[in-house]
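Asker: Structure in structure tokens, see below.
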Amino acid sequence: MTTINNNNVVEAVDLYKTYMMGSVEVHALRGLTTNIKKGEVVAIMGPSGSGKSTLMNILGCLDKPTGGVYKLNGENVDEMDRDQLADIRNRQVGFVFQSYNLLSRSTAVSNVMMPLGYRRHNGVEDHRKMAEDLLVRVGLGDRLNHKPTEMSGGQQQRVAIARALVNDPSIILADEPTGNLDSKSGDEIMDLLLGLNKEKGVTLIIVTHDPQVAKIAQRIVHLFDGRVKNE
């Protein structure tokens, strides 16, 4: 049995998630248990229907389990209401998606500033400076005022990574982060994420079907039928 301790940023014990599709129950998670340590790089893999997306939504505080315990940095996510989920998500989680999820009509700086809208104690100029500094950090100092349509896929993903980091999260959830990129750009993005993990100590959780991407992880969590396989 996986036990809860202070070295874990993610503590998931006996998670269940059941959806209703009409009158049919769909059991997406079936007693899943796993822990992820602070600063760890973990890949989550599994066939279609194994529960990867459901687990990512729960780990990212986009959803709650039907049963079981999920703690993020010691906070009981499974007991939270919608507003509390939004708060912890904004404070603790950075998302990087395969499709980038950028606002097409906004500049790189504006896209990175977007999560800072929840912060009322900082002014717009402070937010802009934070966004610009992060874009420089990910190698886009010359693209601050470019829109996504004026950037390559790799550059757009760098904007997404800067946006994920802007609230100084404890975990970054990357869902197929290289899925829409050529191999060279994909390698550059993975090198960037690993570099940020080493530099900042942020926990990196990568959902992927690509064994080459999973190779960079310190540990692979294999899912099958809503459970962790061989852990």
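Asker: Select from the range 176-231 the residues that are under 17 Å from the mean Cα position of the chain (by Cα), charged (D, E, K, R) and in a helix (DSSP H, G or I) and list them in ascending order.
Answerer: Of everything in the range 176-231, those that are under 17 Å from the mean Cα position of the chain (by Cα), charged (D, E, K, R) and in a helix (DSSP H, G or I) turn out to be D191, K198, K200.
Asker: Next question, about the same structure. Can you tell me which residue is nearest to N73 (Cα to Cα) among those in the range 6-40 that are buried (at least 20 other Cβ atoms within 10 Å of the Cβ) and among the β-branched types (V, I, T)?
Answerer: V9
Asker: A follow-up question, please. Where the second residue is surrounded by fewer than 19 Cβ atoms within 10 Å (Cβ to Cβ) and modelled with pLDDT of 90 or more and the first is assigned to a helix (DSSP H, G or I) and lies in the range 122-148, which pairs have Cβ atoms under 7 Å and are six or more apart or on separate chains?
Answerer: E132/L144; L135/G141; L135/L144; P148/S104
Asker: So, one more: Considering the range 180-231 alone, what residues qualify as being under 27 Å from L32 (Cα atoms) and small (G, A, S)? Break it down stepwise before answering.
Answerer: Let us first name the residues in the range 180-231 that are under 27 Å from L32 (Cα atoms), namely 193-194, 197, 201-231.
Across the range 180-231, the qualifying residues are G201, A214, A217, G226.
Asker: Among the residues of the range 151-170, which ones are among the polar types (S, T, N, Q), in contact (Cβ under 8 Å) with a residue 60 or more places away in the chain and not in a helix (DSSP H, G or I)? Talk me through it step by step, then tell me what you get.
Answerer: Of all residues in the range 151-170, those among the polar types (S, T, N, Q) come to 152, 155-157, 167, 170.
Filter once more, keeping what is in contact (Cβ under 8 Å) with a residue 60 or more places away in the chain: 157, 167, 170.
Scanning the range 151-170 gives N167, S170.
Asker: Next question, about the same structure. Consider M56 carefully, then state whether it is surrounded by fewer than 18 Cβ atoms within 10 Å (Cβ to Cβ) and hydrophobic (A, V, I, L, M, F, W, C).
Answerer: On the way: surrounded by fewer than 18 Cβ atoms within 10 Å (Cβ to Cβ): no; hydrophobic (A, V, I, L, M, F, W, C): yes.
In short, no.
Asker: If we scan the range 19-33, do we find a residue that is under 17 Å from K229 (Cβ atoms) and in contact with a His (Cβ under 9 Å, 6 or more places away or on another chain)?
Answerer: Here is the first cut: in the range 19-33, the residues under 17 Å from K229 (Cβ atoms) are 27-33.
So of that shortlist, the ones also in contact with a His (Cβ under 9 Å, 6 or more places away or on another chain) come out as none.
No, the range 19-33 has no match at all.
Asker: Out of the residues in the range 186-231 that are in contact (Cβ under 8 Å) with a residue 12 or more places away in the chain and small (G, A, S), state the one that is surrounded by the fewest Cβ atoms within 10 Å (Cβ to Cβ).
Answerer: Among those residues, the one meeting the criterion is G201.
Asker: Within the range 59-98, can you find the residues that are out of contact with any Cys (no Cβ under 9 Å at 6 or more places or on another chain), of a type in the set (V, I, T) and surrounded by fewer than 21 Cβ atoms within 10 Å (Cβ to Cβ)?
Answerer: If the condition is that a residue be out of contact with any Cys (no Cβ under 9 Å at 6 or more places or on another chain), of a type in the set (V, I, T) and surrounded by fewer than 21 Cβ atoms within 10 Å (Cβ to Cβ), then T66, V69 are the ones that fit.
Asker: Now a separate question. From (1) closer than 25 Å to K229 by Cα; (2) out of contact with any strand residue (DSSP E or B) (no Cβ under 8 Å at 6 or more places or on another chain); (3) not in a helix (DSSP H, G or I); (4) not hydrophobic (A, V, I, L, M, F, W, C), pick out the condition that doesn't hold for S99.
Answerer: Single failed check for S99: (1).
Asker: On to the next question. Collect the residues in the range 17-57 that are closer than 24 Å to Q98 by Cα and acidic (D, E), keeping them in residue-number order.
Answerer: E40
Asker: If you don't mind, there's one more thing I want to ask. Kindly indicate the residue of the range 115-149 that is hydrophobic (A, V, I, L, M, F, W, C) and farther than 24 Å from L181 by Cα and also surrounded by the fewest Cβ atoms within 10 Å (Cβ to Cβ) among those meeting that condition. I'd like the intermediate steps shown before the answer.
Answerer: Of the residues in the range 115-149, the ones hydrophobic (A, V, I, L, M, F, W, C) are 116, 124, 130-131, 134-136, 138, 140, 144.
Restricting the remaining residues to those that are farther than 24 Å from L181 by Cα gives 116, 124, 130.
Values: L116: 18, V124: 10, M130: 21.
Checked the range 115-149; the qualifying residue surrounded by the fewest Cβ atoms within 10 Å (Cβ to Cβ) is V124.
Asker: May I ask you to list the residues in the range 186-219 that are small (G, A, S) and farther than 18 Å from R158 by Cβ? Reasoning before the result, please.
Answerer: Our first condition is that a residue be small (G, A, S); within the range 186-219, this holds for 186, 195, 201, 214, 217.
The answer is G201, A214, A217.
Asker: Give the number of residues within the range 150-164 that are surrounded by 22 or more Cβ atoms within 10 Å (Cβ to Cβ) and not polar (S, T, N, Q).
Answerer: The total comes to 7.
The values are calculated or read from the model by the stated rules, or taken from the named source; none is laboratory data. All values derive from a computational prediction rather than experimental measurement. Please note: Cβ atoms are built from the backbone with ideal geometry, for glycine as well, and neighbour counts cover all protein chains shown.
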